[in-house]
Amino acid sequence: MFFYKSILFAGFFLLSTVQSHAAPQAELWPHWQVNAPESVILIDHSAWAGFLQKYLVVAKGEGPNLVRYAGVSVEDQQLLADYLTKLSQASVAQLNRAEQKSYWINLYNALTVKTILDHYPIESIRDIKSGWFSAGPWDLKLINIEGLELSLNDIEHRILRPIWQDNRIHYAVNCASYSCPNLQPEPFTAENSERLLDQAVRDYVNSPRGVRSVRGRLVLSSIYDWYQVDFGKSEGAILNYLQTLALPALADRLKTFQGKVSYDYNWQLNSSQ
């Protein structure tokens with residue numbers, strides 16, 4: 001009996017481990033391709049802006065921006081919920097492409113913050129499960145838009161990645177973790193998205209969370225491993241990609257590096273105590 005229990009436990013552990021490291025592929029959800037190129041409709045993200053201004057602690061150095069989850073008032077939690085309700089009532093198909101892109105990024109980030117608040121206190125977003133073998137909440141259906149239930153994985157991997165095919169998306173959506181690219185201090189809009197995306201990329205690549213040297217080894221964010229397909233066809237291609245974004249000292253190290261590359265990710269909650 002003990003033998004069979006051990007085998008069953010080992011199987012559960014293996015499946016959990018595999019799933020926790022498996023990155024979803026970009027698979028288009030055709031419904032969300034519809035857009036209105038001439039549309040001038042703008043989504044109001046002022047409530048999200050107010051939340052960020054009040055509760056986001058912007059890093060002064062190379063560390064991540066942190067969220068004061070413990071300090072969020074009941075009233076502000078309700079305002080965040082109301083903001084998400086308004087987003088859920090938008091007719092996404094009537095927006096132009098640029099407005100849609102900022103809409104989905106802000107929705108993802110606000111939903112992530114609300115999910116953390118709904119389960120707080122926790123040590124990691126991965127403490128929130130969406131199933132027996134889940135590595136986190138990413139498959140939970142969190143919001144209904146145009147009559148369809150969506151999860152965080154739906155937004156990132158079935159909408160943002162396949163429609164825009166822009167690897168900067170990985171620097172825009174925030175997973176509430178220490179190693180994640182920063183949650184930006186202002187909402188994305190059609191007007192500022194290019195600026196925010198470009199800055200987010202350079203800030204992350206040039207921080208130890210993106211690239212660092214440890215005893216002769218080059219340690220990259222696991223993002224470049226999980227989503228290699230979005231950054232290059234090989235490890236060498238990823239190093240070339242990073243070199244184009246790195247500041248001079250880091251660019252020189254990447255150019256001449258001949259050693260072992262490893263990957264790392266810290267899932268500690270991006271919480272400011």
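The values are calculated or read from the model by the stated rules, or taken from the named source; none is laboratory data. All values reported here derive from a predicted model rather than from experimental measurement. Note that each Cβ is placed from the backbone with ideal geometry, even for glycine, and that neighbours are counted across all protein chains shown.
Brief remarks follow.
- Qualifying residue in the stretch 201-217 (condition: under 22 Å from residue 26 (Cβ atoms), touching a Lys or Arg at 6+ places or on another chain (Cβ under 8 Å) and either polar (S, T, N, Q) or in contact (Cβ under 8 Å) with a residue 24 or more places away in the chain (or both)): yes
- The residue that is farthest from residue 64 (Cα to Cα), counting only those in the stretch 207-218 that are surrounded by fewer than 18 Cβ atoms within 10 Å (Cβ to Cβ) and either touching an Asp or Glu at 6+ places or on another chain (Cβ under 9 Å) or among the aliphatic types (A, V, I, L, M) (or both), is 214.
- Checking each residue in the stretch 246-273 for being outside any loop (DSSP other than H, G, I, E, B), closer than 30 Å to residue 126 by Cα and of a type outside the set (Asp, Glu) picks out 261, 262, 263, 268, 269, 271.
One line per residue, one yes/no per condition, for (1) among the small types (Gly, Ala, Ser); (2) within 17 Å of the chain's Cα centre (by Cα); (3) at pLDDT 95 or above:
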| site | (1), (2), (3) |
| --- | --- |
| 121 | no, no, yes |
| 135 | yes, yes, no |
| 142 | no, yes, yes |
| 147 | yes, no, yes |
| 154 | no, yes, yes |
| 160 | no, yes, yes |
| 210 | yes, yes, yes |
| 214 | no, no, no |
| 223 | no, yes, yes |
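- For the residues 179, 193, 221, the requirement of being touching a Gly at 6+ places or on another chain (Cβ under 6 Å) and surrounded by 13 or more Cβ atoms within 10 Å (Cβ to Cβ) singles out 221.
- Among the candidates 241, 204, 227, residue that is of a type in the set (Ser, Thr, Tyr), more than 17 Å from residue 175 (Cβ to Cβ) and either surrounded by 16 or more Cβ atoms within 10 Å (Cβ to Cβ) or in contact with an Asp or Glu (Cβ under 8 Å, 6 or more places away or on another chain) (or both): 241
- Test: residue in the stretch 70-80 that is buried (at least 18 other Cβ atoms within 10 Å of the Cβ), assigned to a strand (DSSP E or B), touching a residue at least 40 places away in the same chain (Cβ under 8 Å) and of a type in the set (A, V, I, L, M): no
- Looking across the stretch 121-174 at every residue that is assigned to a loop (DSSP other than H, G, I, E, B) and of a type in the set (D, E, K, R), the one that is surrounded by the fewest Cβ atoms within 10 Å (Cβ to Cβ) is identified as 123.
- Between 269, 250, the distinction of being surrounded by 15 or more Cβ atoms within 10 Å (Cβ to Cβ) and more than 23 Å from residue 48 (Cα to Cα) belongs to 250 only.
- Residue 47 being outside any loop (DSSP other than H, G, I, E, B), buried (at least 16 other Cβ atoms within 10 Å of the Cβ), of a type in the set (A, V, I, L, M) and at pLDDT 95 or above: yes
- Scanning the stretch 175-218 for residues that are of a type in the set (Asp, Glu) and assigned to a loop (DSSP other than H, G, I, E, B) yields 186, 191.
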